[in-house]
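Below: one structure, written as structure tokens.
The values are calculated or read from the model by the stated rules, or taken from the named source; none is laboratory data. Bear in mind that the values here come from a model prediction, so they are computed numbers and not experimental data. Glycine also receives a Cβ, built like all others from the backbone with ideal geometry; neighbour counts cover every protein chain displayed.
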Amino acid sequence: MDLQVLTAESSEEQFAALVETAVGSQSVRLLLDLLDERHGVYEERSASTVARMRGWLLELISRLPDGAPDSALPYVLEELDSGRDPYVVAAAARALRSRHRPDPAFAPYLAQAIINVQDHDEFITFAAFGEYCIDESGATTAEAEVRATIDWLHSCPTTTLDCCSTQPSFSERSFAGADRRTLDEIATIPLQDQVSRWTTFGEMFQGRPSFLVFFYTRCDNPRKCSLTIAKLRSLQQTLLERGLAGRVRTAAITYDPAWDTPDRLRGYARNRGLHLDEENRVLRSSAEDLLSIRRYLELGVTFVESLVNHHRIEGFLLDSQGRVARRFERLMWDEEAVADSLNGLLGEVESHEQLVSKRSTAEIASTITSAMAPLAVLGASLIPKCPLCWTAYMSALGIAGLDRLSYPYWLLPLLSFLALVNLGSLWLRGRANGRMAAFYLGAAAVFVVLMPTTVLSPAWIRPAAVVLTLAASLMSVSNALDRLRVHLQLATHRKPAGQPLRNSATTLDAEARRPLLRKFSRFVLRY
Amino acid sequence: MTPKKKAKAITKGSAKKTRPRKRAAGAGRSSSSTDYKASWKAASDSSRSDAARIKDFGKLTNAICDDRAVLNGMIGVLRDVKTSLDVRLAALAALQAASFATIRFRPCRPPYFAALRALATDPEPEMRNRVLGLLMREQDSLAQKLLLDGLKKPDKALVPPEKALQLLSYDVKASAYPIARRIVEQPPSSDAKAEALRLLAADAKSVGIFEQRLLDKKESPEIRQISAAALQALAPEKLQQYARDIVMDTTESPAVQATSLTALAQFGKEEDLSKDEVLSKRVERIQSSDAAQQIKQSAKQFATKYIEK
């Protein structure tokens, strides 16, 4: 059986028939899926109809042979804690009582339930879905059901009622850094605040940790939206006392943006003492964008037209990147716990800033290295690195102007010899790296330089030969400098743990250099 | 009291069910035990005249919460269709008055509320009207269902459509907007249309309907005034824009102009309106003209705020 066939278009009779079949076949999972506020079957129904449907669902869960399962407990306790409809509260009390083992932790919820319904209680019947009581026969009341559950709780021999200090684990979920979803989907959604200023979701919630709640001004349950804003105000006070005010943000977004104009938002917030400024705002989006926010944050809210017909209590702790770090749902949060979490998120921000600072330094070094690499290539090509290079310089700069200088008679043969040595070195390097272009270029230059002036008469021909010689030298060293550049870049980055730099330019250069030196030694010895 | 202590106190005291307390009636109150018993005996005597019985019901308001027999007896009279309507309405009024003592009335509420539900289909239209009103103020789902069913199927209607719409407007989440929109388009009566528009005044999706009605000079002034009020709630910036145009239009209805001037005077932006010389001159002309008193008063209000400053 698939309860997904239930949609906004399904009739209440179809709903009743399907859930009763689910109980008959003990399809607990399906019933629990239907308790989720986000189920489509609750869309476009009046708030009172939704209450009747959810009340009947809880009643049927109480009829399961093993009673209400643990997974139904959040919904049951939520209704006892903040529900106002006597029918649903009575059903929740019955569902709680259907459990085999009383737990003293339930006591405060039952106590609150009595307070919630005592001024508008009524006769209730669970004989069939949709039935109303018009007299006392066969009827019960929400208060009677809650008191019966308290009696059941009292029968527990271990009941000590030492119960009220801890927040139940189901009402909150935390997300480690790696599990937090990025804000990309909704970062650009425009939000308007209480004084009509526009911002985006990203601008509002990135840069500092935040506590975000949802509410709407037309909510008629004082235990939900009104209390949410009052608790937000209380959190602001706690943050102030701890010196965290100004370092974190608080915000409330309305579920009812078409009605909740900036004036209404401001009035509602101020009437509950909420402090409002740049860092503490009440906001609204467009109705369309609210759907995106609802989808992204998985808000437990459903609508009839543009009005909320059912919603749960929701609060979100957002980290400095606007990602959900912790969420509170169904039950009100403890301000001290929220302040602790915000403090923890501030710690994350500081660690993140230190990491960013380190990364920035490394990035600057890397940028400088990258920018320097071409200069290094040029510098390395120009700076003489070995005897061969010296011969290249001497051949290029010296021989070209020899005829204009007064020099010893032996200098011309010496420099000519050195030019030929340079040419030999180009040949050797060309052989080693498989690139002979540098050798051919160098040979052409040496030929031009050594030819008698009468053969090559134009004045520019010898300076051109110098340029060719330099070009040949650059070409011959460019391969090694490429490797040098890679090495420099690698050196600025962190070496992966346990991975040796086997491919580093240093290693390759050294390996390439050994046969080259051996060949050069043989070449020198030969001549 | 801490939550822990509160929980303990409530759980320990759970054995004591809250029932109407059998206390000595009248302690600290106006009626003594013998007084209210005598009054009840007289009020429940069907052989007496209606006027005498109605007078006695008025004396029993406090006793209803103190004595379950009086409560049950009063509900019995209320539900008895053979009793005259006036007496039944007096019983209803006494119960309603008792319900204001919220804390004392707590145990009485379930039987009272069940009686109201039973009376929602009472043969007397006056009783149905009153009872459905009381139920809808509590946002009762049965009353909502009955009223919506009546609007969908007029032959089953318990109250006229305008009354049903008026009562449904007590709960904005009653899912009545689609029906109300339909009634605006095809109204069974002008009253029903006006009530449908009043109901839609809380519906953000109906801004277009109100703009259309406000700007349609063929609509009655009442409909246009309702539309202006609704726009003030839903889209105040749009109303400001239309209100100025309406005031400047010399062919407009004075009643609608008066409403528009009031909207400008009460909710307009001072920095814009105080600089609007064309509008100021128009308002001055209205003040000095022989126009209706209503619009002249609105013009004076505007002038005091924006012109004479």
- Query: Does region B:105-121 contain at least one residue that is more than 27 Å from A:Asn309 (Cα to Cα), among the small types (Gly, Ala, Ser) and either without any contact (Cβ under 8 Å) to a residue 60 or more places away in the chain or facing chain A (nearest Cβ under 9 Å) (or both)?
  - Reply: yes
- Kindly indicate which of B:Ala115, B:Ala98, B:Ala93 is of a type outside the set (Phe, Trp, Tyr), touching a Ser or Thr at 6+ places or on another chain (Cβ under 7 Å) and closer than 23 Å to B:Ser39 by Cβ. B:Ala98
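Select, from B:Val247, B:Val283, B:Val278, the only residue that is modelled with pLDDT of 90 or more, surrounded by fewer than 14 Cβ atoms within 10 Å (Cβ to Cβ) and farther than 26 Å from B:Asp203 by Cα. Explain how you work it out, then say what you get.
Values: B:Val247 fails: surrounded by fewer than 14 Cβ atoms within 10 Å (Cβ to Cβ); B:Val283 fails: surrounded by fewer than 14 Cβ atoms within 10 Å (Cβ to Cβ).
B:Val278 is the lone residue from the list that is modelled with pLDDT of 90 or more, surrounded by fewer than 14 Cβ atoms within 10 Å (Cβ to Cβ) and farther than 26 Å from B:Asp203 by Cα.
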- Unmet requirement for B:Ile179, which otherwise passes all of (1) among the aliphatic types (A, V, I, L, M); (2) within 24 Å of B:Ser289 (Cα to Cα); (3) within 13 Å of another protein chain (Cβ to nearest Cβ): (2)
- Scan of region A:277-296 for residues that are within 16 Å of A:Ser196 (Cβ to Cβ) and surrounded by fewer than 19 Cβ atoms within 10 Å (Cβ to Cβ), ordered by number: A:Asp277, A:Glu278, A:Ser286
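Can you find a residue that is touching a Pro at 6+ places or on another chain (Cβ under 6 Å), assigned to a strand (DSSP E or B) and either more than 14 Å from chain B (Cβ to nearest Cβ) or at positive phi (or both) anywhere in region A:275-287?
no
Need a quick list: helices (runs of 4 or more DSSP H) entirely within region B:88-143 having at least 3 residues that are under 20 Å from the mean Cα position of the chain (by Cα).
Values: elements: B:102-105, B:109-119, B:125-137.
Result: B:109-119, B:125-137.
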- Query: A:Leu240 fails exactly one of the following numbered conditions: (1) among the aliphatic types (A, V, I, L, M); (2) surrounded by fewer than 24 Cβ atoms within 10 Å (Cβ to Cβ); (3) away from every other protein chain (no Cβ under 14 Å); (4) touching a residue at least 12 places away in the same chain (Cβ under 8 Å). What is the number of that condition?
  - Reply: (4)
- Message: Being surrounded by fewer than 21 Cβ atoms within 10 Å (Cβ to Cβ), more than 14 Å from every other protein chain (Cβ to nearest Cβ), farther than 30 Å from B:Ser169 by Cβ and not charged (D, E, K, R): is that true of A:Gln26 here?
- Response: yes
- Item | Contacts under 9 angstrom Cβ, first residue in region A:36-57 being more than 11 Å from chain B (Cβ to nearest Cβ) and over 15 Å from A:Val76 (Cβ atoms), partner crowded, with 23+ Cβ neighbours inside 10 Å and of a type in the set (D, E, K, R), 6 or more apart | A:Tyr42/A:Arg54
- Task: Exactly one condition in (1) more than 30 Å from B:Ser141 (Cβ to Cβ); (2) part of a helix (DSSP H, G or I) is not met by B:Lys218; state its number.
- Result: (2)
- Query: Out of curiosity, is B:Gln257 within 14 Å of chain A (Cβ to nearest Cβ), modelled with pLDDT of 90 or more and more than 17 Å from B:Phe210 (Cβ to Cβ)?
  - Reply: no
- Can you name the residue in region A:118-138 that is more than 7 Å from chain B (Cβ to nearest Cβ) and on the phi < 0 side of the Ramachandran plot and, of all such residues, is nearest to the chain's Cα centre (by Cα)? A:Phe129
- Query: Do we find a residue being touching a helix residue (DSSP H, G or I) at 6+ places or on another chain (Cβ under 9 Å) and farther than 28 Å from A:Asn309 by Cα anywhere in region B:172-189?
  - Reply: yes
- Every residue from region A:253-274 that is assigned to a loop (DSSP other than H, G, I, E, B) and either among the hydroxyl-bearing types (Ser, Thr, Tyr) or touching a residue at least 40 places away in the same chain (Cβ under 8 Å) (or both): A:Tyr255, A:Asp256, A:Ala258, A:Trp259, A:Asp260, A:Thr261, A:Arg272, A:Gly273, A:Leu274
- Note on the structure: If we keep only residues of region B:192-220 that are among the charged types (D, E, K, R) and within 14 Å of another protein chain (Cβ to nearest Cβ), then the residue surrounded by the most Cβ atoms within 10 Å (Cβ to Cβ) is B:Asp203
- Out of all the residues in region A:105-113, is one or more within 11 Å of chain B (Cβ to nearest Cβ), on the phi > 0 side of the Ramachandran plot and touching a residue at least 40 places away in the same chain (Cβ under 8 Å)? no
- Query: Inside region A:300-340, can you point out the residues that are under 17 Å from A:Gln206 (Cα atoms) and among the hydrophobic types (A, V, I, L, M, F, W, C)?
  - Reply: A:Phe316, A:Leu317, A:Leu318, A:Val324, A:Ala325
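Restricting attention to helices (runs of 4 or more DSSP H) lying wholly within region A:1-101, give those where 3 or more residues are within 39 Å of the chain's Cα centre (by Cα) and of a type in the set (Gly, Ala, Ser).
Qualifying helices (runs of 4 or more DSSP H): A:47-62.
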- Using the structure shown, decide if A:Gly83 is among the small types (Gly, Ala, Ser) and closer than 21 Å to A:Cys219 by Cα. yes
- Task: Just give me the residues in region B:147-179 being farther than 22 Å from A:Ala51 by Cβ, within 19 Å of the chain's Cα centre (by Cα) and in a helix (DSSP H, G or I), in sequence order.
- Result: B:Pro161, B:Glu162, B:Lys163, B:Leu165, B:Gln166
- Task: Might you check whether a residue that is of a type outside the set (A, V, I, L, M, F, W, C), closer than 19 Å to B:Leu234 by Cβ and in a loop (DSSP other than H, G, I, E, B) occurs anywhere in region A:306-325?
- Result: yes
- Message: Looking at (1) in contact with a His (Cβ under 9 Å, 6 or more places away or on another chain); (2) over 28 Å from A:His120 (Cα atoms); (3) touching a residue at least 60 places away in the same chain (Cβ under 8 Å), which one does A:Lys224 not meet, given that it meets all the others?
- Response: (2)
- Failed item, numbered, when A:Leu18 is tested on (1) closer than 28 Å to B:Leu146 by Cβ; (2) surrounded by 15 or more Cβ atoms within 10 Å (Cβ to Cβ); (3) in contact (Cβ under 8 Å) with a residue 24 or more places away in the chain: (3)
- Out of all the residues in region B:283-298, which are in a helix (DSSP H, G or I) and of a type outside the set (Ser, Thr, Tyr)? B:Val283, B:Glu284, B:Arg285, B:Ile286, B:Gln287, B:Gln293, B:Gln294, B:Ile295, B:Lys296, B:Gln297
- Query: So which residues in region A:196-216 are over 21 Å from A:Phe328 (Cβ atoms) and within 14 Å of chain B (Cβ to nearest Cβ)?
  - Reply: A:Ser196
- Restricting to strands (runs of 3 or more DSSP E) lying wholly in region A:164-240: which have 3 or more residues that are under 19 Å from A:Gly267 (Cα atoms)? A:190-193, A:210-215
- Hey, does region B:72-81 have a residue that's within 21 Å of the chain's Cα centre (by Cα) and under 22 Å from B:Leu142 (Cβ atoms)? no
